[in-house]
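Have a look at the structure below, then the notes.
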Amino acid sequence: MSAQDSAAPKTMRTPLSRVRYLGASHSGTSDFWRQRVTAVAMTLLIVPVIVVVMMLLGRNQAGAAQILGSVPIAIILLLFIIASTWHMKIGMQVVIEDYVHNEKLKLAAVMANNFFAFAVALASIYAILKLSSGV
């Protein structure tokens, strides 16, 4: 054993991961912060969303369309839908990555999760835009 080998620090990290400063999970910290940001956004938006829902109680379709036709209300609902579906996608992806050990099943589950979150967001956004445009 040479003097250089004994002076080198003992580590399990690859040279590439040391250069990129990536830990074992590679994207866990960014997912953590994205989930926290969406949680804060949902916390701030939940009161206006509850107020809108309470305003809709007991209304017929024309009354609901009138309330939802307001641009600020549509924006609040769109922001809430985007934040909540993104939060849902990240949370389910973390659960899948942590508890599904078969790599093929994990890939299929993550793909299904992404598709489902996108489909829910798209359908919700379409409904809000359709209701807010009065069509």
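Data table
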item: Protection proxy ranking, peptides 58-68, 72-82, average beta carbon neighbours within 10 Å, highest first; result: 72-82, 58-68
item: Accessible-area value, Met42, 1.4 Å probe, nucleic acids and ligands omitted, Å²; result: 40
item: Under the Karplus curve 6.51 cos²θ - 1.76 cosθ + 1.60, θ = phi - 60°, whole-Hz ³J(HN,Hα) for the stretch 98-114, x wherever Gly or Pro sits; result: 7, 10, 9, 9, 6, 5, 5, 5, 4, 4, 5, 5, 5, 5, 5, 4, 4
item: Accessible heavy-atom area order of Phe118, Phe32, highest first, probe of 1.4 Å; result: Phe118, Phe32
item: Within-15-Å neighbourhood charge of Phe32 [Cβ basis; K, R +1; D, E -1]; result: 0
item: Extension gain from Leu129 to Val37, taking 0.36 nm per residue of separation minus the Cα-Cα distance; result: 30.7 nm
item: Descending semi-axes in Å of the stretch 50-135, equivalent ellipsoid built from Cα gyration tensor; result: 35, 12, 9
item: Highest average packing first - 99-106, 44-51, Cβ atoms within 10 Å; result: 44-51, 99-106
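The values are calculated or read from the model by the stated rules, or taken from the named source; none is laboratory data. Source: prediction; values computed, not measured. Methodologically, a virtual Cβ is constructed for each residue, glycine included, from the backbone with ideal geometry; neighbour enumeration extends over all protein chains shown. Accessible surface is based on the protein model in full, side chains and every heavy atom, while ligands, DNA and RNA are left aside. Shrake-Rupley method; radii C 1.70, N 1.55, O 1.52, S 1.80 Å.
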